[in-house]
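Data block below; observations after.
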Amino acid sequence: MLLDNTKNGFTLKSNFELKKAFFLFKIISNKTLTNIGKKALEISLKFRLPVLFLVKGTVFEQFCSGESLDESYKTVQKLNDKNVKSYLHYSVEGQENEDSYDLSLKEVLNSIEFVSQKNILDFTVFKPTAIANSTILQKVSENKPLDKNENELYKKVYERFDTICNLAHEKDVKILIDAEESWIQNPIDEIVLKMMMKYNKQKTIVFNTSQMYRHDRLEYLKSLKDVAEKHNFFVGIKLVRGAYIEKENERAIKNNYRSPICDSKNSTDINFNNGASFLLSNLKIFSIFSGTHNEKSIYKIIDLMKSIGLDKNNPKIWFGQLYGMSDNISFNLAGEGFNVIKYLPFGPIKEVIPYLIRRADENTSVKGQTSRELDLIRSELKRRESIKFLQ
Ligand SMILES: Cc1cc2nc3c(=O)[nH]c(=O)nc-3n(C[C@H](O)[C@H](O)[C@H](O)COP(=O)(O)OP(=O)(O)OC[C@H]3O[C@@H](n4cnc5c(N)ncnc54)[C@H](O)[C@@H]3O)c2cc1C
């Protein structure tokens, strides 16, 4: 099978790096060890113990591309040599206040400028809650009235989105907008729709994210198609399953409403694949950025592309994976000529620790994914060992 080729998959990893990755995934596959590690890190940071070098040599190296844009660019170039593109994200989670939102805005604008100066980069990204007050987003989502001050702040949110999308449009840089929890997503969808209407007239610059673990998202995609046909603009969609399942279900139970999440993993898988099929069948309007590590979904998309007669490198179809995960997917797809892109988080080590903890937690809870990583590394190490033996 195309994605099983570990020689291509780990082409950039030395034996030492592979063994280190194996050790790391082994630890984070164990919930108890992960929790102990998190607690130890928290205490060490509190008492200012010198542990950052340990973080740097392990999880940071595995899941982050560097501490700055320039440092990360070396990784970008290495990946590009293997036809894997990158998009960089300053993964520092700021405070919930206006100064912090303005700072994040600056970071996003910098990243757009950076991408526009490098001809091997096409995309950049931002997380709406890095530039917007989530309490206000929630109020808007629930149709609750905003007072004068909140109205002003909400206007500012819109202006930040507009400033970002305007620069992305001017510099011809594609911009991915992450999806958040369902209770704040409605106003994000509304603002992004306005951005797409304004900046996606000639080509697709602005991409919204659709979380297909939500049972209402296929309808959402269909409604986008209708609006886009009526108003003549293109729609970019980052298609993902969704990252906040526990939070979503817990909140629905607590507040006694129907969870927006599909009732089983299988329903999410079907919904994701139906979403992909819908987008691929409507490429006149949509561009699809498929953010998944699920190999079955990737094979499904490849089969659909074949059956529709689309080129592997169709400029409207991208496959995205996170840095440090599913390299077998990235390098094998890229080797076959598909458009592949890695999400590269970067930032000062201490500041990206919340991102790293989320990565560790996700790998602990997504059991299948971690054991898949371990199996692949194990089989590549064996393959290299057997070659050495034959030589
Ligand atoms: C490039 C990229 C960008 C991303 N951007 C975002 C983003 O902006 N916003 C966001 O929310 N997430 C984002 N994600 C994360 C993504 O939503 C998934 O959480 C993650 O990729 C795991 O899903 P998967 O498709 O890779 O594969 P799988 O491992 O096959 O699927 C796991 C996912 O299935 C769903 N699931 C699991 N159990 C159940 C169940 N019992 N019932 C219903 N559904 C279930 C959950 O969504 C879970 O995360 C991104 C991922 C990538 C690779």
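Values as computed for the structure displayed
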read-out	value
Paramagnetic reach from residue 17 in the stretch 320-340 [backbone N under 16 Å; point 7 Å along Cα→Cβ]	322-332
Protection-proxy order for peptides 280-286, 126-132, each taking the mean of Cβ atoms within 10 Å per residue, highest first	126-132, 280-286
Cα-centred dipole magnitude for the chain, charges only on beta-carbon of K, R (+1) and D, E (-1), debye, nearest 20	1080 debye
Order of exposure, largest accessible area first, which applies to 150, 96, 113 with probe 1.4 Å	96, 113, 150
Per-residue SASA entry for residue 29, accessible area with 1.4 Å probe, Å² rounded to 10	40 Å²
Neighbourhood charge, 11 Å Cβ-Cβ cut-off, centred on residue 153 and excluding it, Lys, Arg +1 and Asp, Glu -1	0
Rounded accessible area of residue 74 (nearest 10 Å², 1.4 Å probe)	130 Å²
List 183, 318, ordered by accessible area with a 1.4 Å probe, largest first	183, 318
The stretch 62-367 shape via C-alpha gyration tensor axes, a/c threshold 1.5	rounded
For the stretch 62-367, accessible area per residue (1.4 Å probe, heavy atoms of protein chains only), Å²	44 Å²
Calculated [θ] (222 nm, deg cm²/dmol) that DSSP helices of n ≥ 4 give over the chain, each run adding -39,500 (n - 2.57)	-18500 deg cm²/dmol
DSSP bridge pairs, the chain: antiparallel proportion in percent, nearest 5	5 percent
For residue 375, solvent-accessible area (1.4 Å; no DNA, RNA or ligand), Å²	80 Å²
Across 78/106; 85/382; 265/300; 78/203; 171/350; 82/342, pairs whose alpha-carbon gap is larger than 22 Å	78/106; 85/382; 78/203; 171/350
Surface share of carbon and sulfur [accessible, 1.4 angstrom probe, percent] for the stretch 62-367	48 percent
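The values are calculated or read from the model by the stated rules, or taken from the named source; none is laboratory data. What you are looking at is a predicted structure, and each value in this text was computed from that prediction instead of being measured. A quick note on method: Cβ atoms are made from the backbone with ideal geometry, for glycine too, and the neighbour counts reach across all protein chains shown. Quick note on the areas: whole protein, heavy atoms, side chains included, nothing else; ligands and nucleic acids left out. Shrake-Rupley method; radii C 1.70, N 1.55, O 1.52, S 1.80 Å.
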